[in-house]
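First comes the structure, then the notes that go with it.
The values are calculated or read from the model by the stated rules, or taken from the named source; none is laboratory data. Model, not experiment: these values are computed from the prediction. Virtual Cβ from ideal backbone geometry, glycine too; neighbours counted across all protein chains shown. For the accessible areas, the whole protein counts, side chains as well, though only heavy atoms, and no ligand, DNA or RNA atoms are used. Shrake-Rupley method; radii C 1.70, N 1.55, O 1.52, S 1.80 Å.
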Amino acid sequence: MVVVRRRNVKMFTFAFLLITVTSFLLNYTHQVTTTTWDPRHLVVQFSEHVQKLFRYPRRPCSCHTCISELGHSLWFDQRFNSTMQPFLTSQNALIPEDSYRWWLKLQGEKAPKSLNATLTELFGLIPGDRDPLQERGSYTCRRCAVVGNSGNLRQSQYGQDIDSHDFVLRMNRAPTAGYESDVGSKTTHHFVYPESYKELAANVSMILIPFKTLDLRWVVTILVYNPAFMKYIYENWLEHHGRYPSTGLLSLMFALHVCDEVNVYGFGADSKGHWHHYWENNTSGGAFRKTGVHDGDFEFNITLTLASIEKIKFFKGR
Ligand SMILES: CC(=O)N[C@H]1[C@H]([C@H](O)[C@H](O)CO)O[C@](OP(=O)(O)OC[C@H]2O[C@@H](n3ccc(N)nc3=O)[C@H](O)[C@@H]2O)(C(=O)O)C[C@@H]1O
Ligand SMILES: CC(=O)N[C@@H]1[C@@H](O[C@@H]2O[C@H](CO)[C@H](O)[C@H](O)[C@H]2O)[C@@H](O)[C@@H](CO)O[C@H]1O
């Protein structure tokens with residue numbers, strides 16, 4: 001009888017200590033807690049930790065604030081859908097019918113080949129069987145810099161700051177060589193569509209000439225943006241303004257979904273509302289306003305609103 005009771009006491013003490021230590025380690029509040037071994041105090045602390053365990057869900061990251069945490073802005077909560085997947089993988093490649101119809105109309109492609117057959121071929125070539133950015137420790141702080149192409153980066157001296165991020169996202173023809181002090185030199189993700197690099201006619205095959213292993217790695221590390229995610233941005237965030245989101249907005253929204261902290265550089269039109277570039281005098285920088293393909297003003301307002309509710313930091317440049 002006594003032996004059984006002792007064993008029960010031991011088991012209770014062990015379970016009690018295990019739960020207390022675990023809940024301390026889980027660190028819900030970031031407050032410094034002093035531990036005393038007074039049994040009454042321990043019981044109170046134990047019950048407080050158990051209550052917290054049920055009251056608050058685990059924080060999604062270890063940054064000061066985490067983007068995906070809801071409950072701070074109704075505007076954000078009504079738009080942000082954490083279940084949307086930014087990457088197209090072989091697992092989600094069956095694009096929903098409504099997304100597929102919307103996407104087909106974007107560029108009025110005449111007689112396209114079967115998308116499903118093309119995706120099967122594609123994922124036979126590139127890995128794409130999983131989302132590479134979902135695999136991370138749950139208690140990390142992933143800091144991302146989204147670098148647009150704006151001329152406001154000239155003389156900004158943001159280079160070092162940009163390079164200090166875990167991920168640095170760039171787009172289209174953005175160069176870094178020769179512009180390091182303003183735009184940095186690190187890139188982890190570069191967002192492009194084929195003609196943003198080089199326009200090729202439909203019957204032209206690109207032939208990659210590999211001079212080194214890295215040239216082949218370029219093919220196997222390709223990641224594909226999810227058309228269903230593009231439609232989500234167009235509907236939830238752009239509220240159907242313009243014909244579809246710009247590469248800048250696609251990159252920023254991608255960052256909101258895969259990063260815990262997002263800092264934005266190189267966004268902002270010139271005094272005429274044109275998308276000028278930091279590395280060239282691009283005379284067609286205002287074409288998107290005439291064609292209406294993107295609603296630059298509405299997109300910019302989304303960026304400023306995200307900054308005003310402290311979901312992102314916006315660096316306005318010069
Ligand atoms: C003439 C034309 O079609 N220009 C388009 C160019 C062009 O196709 C590529 O640069 C070619 O490499 O691409 C776009 O845009 P672009 O490549 O100019 O810029 C990328 C993103 O940076 C943000 N930006 C840029 C300049 C600026 N002054 N302010 C900004 O805020 C925008 O968010 C922008 O999306 C594109 O893909 O979105 C959209 C532009 O409309
Ligand atoms: C300025 C403009 O309207 N150019 C369009 C061009 O738009 C660009 O398309 C890109 C993808 O192909 C990308 O979306 C970029 O952000 C757009 O500015 C295309 O629509 C093109 C049709 O192929 O027609 C150009 O006039």
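At most 10 other Cβ atoms within 10 Å and a DSSP loop assignment: could you name the chymotrypsin sites (Phe, Trp or Tyr not before Pro) in region 200-252 that fit?
Phe211
What nm distance separates the two modelled labels at Arg101 and Lys290, each placed 7 Å from Cα along Cα→Cβ?
Between Arg101 and Lys290, the label points sit 3.3 nm apart.
Could you give me the radius of gyration and the Dmax of region 79-198, taking only the C-alpha atoms into account and expressing both in angstrom?
Considering region 79-198 through its Cα atoms, Rg and Dmax are 17.9, 48 Å.
Taking H as built 1.01 Å from N, whose amide H comes closer than 5 Å to the amide H of Leu88, not counting residues under 5 places away?
Amide H neighbours of Leu88: Val224, Tyr225, Asn226.
Within region 93-178, list the trypsin sites (Lys or Arg not before Pro) lying in a DSSP loop whose Cβ has at most 16 other Cβ atoms in a 10 Å radius.
When the trypsin sites (Lys or Arg not before Pro) of region 93-178 are filtered for loop state and at most 16 Cβ neighbours within 10 Å, Lys110, Lys113, Arg130, Arg136, Arg154, Arg173 remain.
Quick one: which residues, 5+ away or cross-chain, put their amide H under 5 Å from the amide H of His277? H built at 1.01 Å from N.
Distant-sequence amide H within range of His277: Gly151, Asn282.
Does region 246-318 come out rounded, prolate or oblate, given a ≥ b ≥ c as the square roots of the eigenvalues of its C-alpha gyration tensor, rounded meaning a/c under 1.5 and, failing that, prolate meaning a/b above b/c?
prolate
Residue-wise, which Karplus ³J(HN,Hα) couplings in Hz belong to region 145-162, taking 6.51 cos²θ - 1.76 cosθ + 1.60, θ = phi - 60°, and x for glycine or proline?
For region 145-162, the Karplus-derived couplings read 10, 9, 10, x, 9, 4, x, 5, 7, 4, 6, 7, 6, 7, x, 5, 4, 4 Hz, x marking Gly and Pro.
Within the accessible area of region 242-287, what % is carbon and sulfur when the probe is 1.4 Å and the other protein chains stay in place?
For region 242-287, the apolar C and S fraction of the accessible surface comes to 47 percent.
Quick one: go through region 257-271 and flag any residue whose amide nitrogen is under 20 Å from the point 7 Å out along the Cα-to-Cβ line of Ser196.
The answer is 257-259, 262-270.
Give me the distance between the Cα centres of region 252-277 and region 179-250, rounded to whole Å.
15
Past 23 Å, Cα to Cα, is the threshold; run Lys186/Lys313; Lys110/Lys231; Lys198/Lys231; Lys105/Lys313 against it and keep the listed order.
Result: Lys198/Lys231; Lys105/Lys313 exceed 23 Å.
Treating only the Cβ of Lys, Arg, Asp and Glu as charged (+1, +1, -1, -1), what charge dipole size does region 96-146 show about its Cα centre? Round to the nearest 20 debye.
For this selection, approximately 240 debye.
Expressed in nm to one decimal, what extension gain is obtained for the pair Asn81 and Glu69 from 0.36 nm per residue of sequence separation less their Cα-Cα distance?
3.2 nm
Restrict the search to region 108-165; then list the chymotrypsin sites (Phe, Trp or Tyr not before Pro) that DSSP places in a loop and that have at most 15 other Cβ atoms within 10 Å of their Cβ.
Tyr139
Could you please report the charge total around Phe167, scoring K, R as +1 and D, E as -1 over all other residues with beta-carbon less than 12 angstrom from its beta-carbon?
It works out to a net charge of +1.
Express the carbon and sulfur contribution to the solvent-accessible surface of region 67-117 as a percent, rounded to the nearest whole number, probe 1.4 angstrom.
54
I'd like the FRET efficiency for Asp161 and Asp297, computed as 1/(1 + (r/R0)^6) with the beta carbon distance as r and R0 of 35 Å, rounded to 0.05.
About 0.85, to the nearest 0.05.
Taking the mean number of other Cβ atoms within 10 Å as a proxy for protection, how do you rank 285-293, 306-314 from highest to lowest?
Top of the packing list down: 306-314, 285-293.
Amide H neighbours of Lys316 under 5 Å, counting only residues 5+ apart in sequence or on other chains, H built in-plane at 1.01 Å?
none
In Å², and per residue, what accessible area does region 173-318 have when probed at 1.4 Å with the other protein chains present?
Heavy-atom SASA per residue in region 173-318 reads 56 Å².
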